[in-house]
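The values are calculated or read from the model by the stated rules, or taken from the named source; none is laboratory data. This is a predicted model, so every value here is computed, not measured. Here the Cβ positions follow ideal geometry from the backbone for every residue, glycine too, while neighbour counts run over all protein chains shown.
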Amino acid sequence: MPQGSSHRVVVIVDENSNPFELGCATEVFGLRRPELGRDLYDFRLCSPGPRTRMRDGFFTLAEVAGLEAAESADTLIVPNRPDVEVPRRADVLEAVRRAHARGARLVGFCSGAFTLAEAGVLDGRRATAHWQWADRFRERFPAVRLEEDVLFVDDGEILTAAGSAAALDLGLHIVRRDHGAEAAAAVSRRLVFAAHRDGGQRQFVRRPVPEIPDESLGPLLAWAQERLDAPLSVADLAARAAVSTATLHRRFRAQLGTTPLAWLTRQRLALACRLLERGESRLEVVARRSGLGTAANLRALMRRETGLSPSAYRRRFGPVTADGPSSPPV
């Protein structure tokens, strides 16, 4: 895993790239982190030419490293642009292929999935792209397993985000994967952006507005987050919102793109991760305080969602002690 700022993140900026996604990458990976007491990444920009005209000529990027900087990337963020029909430069695609061949992690934001697919590194793998381009992506790249109704896809060492704002979702996911939930929460607080947004792209697809819109779930979610250690059920949430469980399910689907139970479980798991990162070694205590009930349930959910056991997660992301990264395994 990345060790502080020794992990180099390089962004390739190409002709007509989107400034927003470049800003997202800079905000998540490029800023100093005094609030954490350490910097998380070594961040670089590079471009195939000395001057790069950004989308619609908004501005021109100059005086960044040449494309050879991609050769030293541990994580390479590939370029995107609004016109997905225009092929990428051959030297950019070759840089992506070389990075993939030597084991670098590849990241595509929004139409960056087209760049990865053009380079041939997505064949047989899972990926996502903006819902507006899903049909065109399938036509051009039938060997890629496109997932439409998600904000991002983590397929190991190749990750893709569905749209512009989803670049932040994916960026925070990468920070969480590399440095743990506490670090991701700190970055999200500085961004004033949710550390995890539930649901997929379906919630953003244009559809008729109902005659009587549902009330916001915000107050209910805040109430539940303060009581994650309590034996909350979907029926309890519905009672608090003064609606039927069927109505509550409809509201969660419409507003968050998920179910009440899935949301509640994810919140509890995030709390369990934070407790482990703070050094709590007693799984029964973590399970009880996070509302997950039993150590067995905690283990099962941790493995399913993070790929790690609770003890492995704590060793990887827990507090550093004089004897090593964390206290003895559970």
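Couple of notes before you dig in:
- Hits in segment 100-115 - residues which are over 16 Å from P87 (Cα atoms) and either in contact (Cβ under 8 Å) with a residue 24 or more places away in the chain or crowded, with 24+ Cβ neighbours inside 10 Å (or both): H100, G103, A104, R105, L106, V107, F109
- No other residue among R315, R250, R288 is surrounded by fewer than 19 Cβ atoms within 10 Å (Cβ to Cβ) and closer than 23 Å to D154 by Cβ apart from R315.
- Test for T52: is it surrounded by fewer than 17 Cβ atoms within 10 Å (Cβ to Cβ) and polar (S, T, N, Q): no
- Single residue of segment 288-314 satisfying the filter (modelled with pLDDT under 85 and assigned to a helix (DSSP H, G or I)) that is nearest to E277 (Cα to Cα): T306
- Taken over segment 111-150, residues that are in a loop (DSSP other than H, G, I, E, B) and out of contact with any Asp or Glu (no Cβ under 6 Å at 6 or more places or on another chain) amount to 16.
- Selection status of L40, assigned by TED's automatic domain parsing to the domain that holds S111, of a type outside the set (G, A, S) and without any contact (Cβ under 8 Å) to a residue 60 or more places away in the chain: no
- Segment 152-166, residues that are modelled with pLDDT under 90 and either out of contact with any Ser or Thr (no Cβ under 8 Å at 6 or more places or on another chain) or in a helix (DSSP H, G or I) (or both): G163, S164, A165, A166
- Matching entry among A238, A222, A254 (being assigned by TED's automatic domain parsing to the domain that holds F317, at pLDDT 90 or above and out of contact with any strand residue (DSSP E or B) (no Cβ under 6 Å at 6 or more places or on another chain)): A238
- Any hit, segment 90-98, residues being assigned to a loop (DSSP other than H, G, I, E, B) and either surrounded by 14 or more Cβ atoms within 10 Å (Cβ to Cβ) or of a type in the set (D, E, K, R) (or both): no
- Of the strands (runs of 3 or more DSSP E) that lie entirely inside segment 33-84, those containing 3 or more residues that are touching a helix residue (DSSP H, G or I) at 6+ places or on another chain (Cβ under 9 Å) and under 23 Å from C110 (Cα atoms) span 42-47, 75-78.
- Test set (1) acidic (D, E); (2) touching a residue at least 60 places away in the same chain (Cβ under 8 Å); (3) assigned to a helix (DSSP H, G or I); (4) out of contact with any strand residue (DSSP E or B) (no Cβ under 9 Å at 6 or more places or on another chain) - E21 fails condition number: (4)
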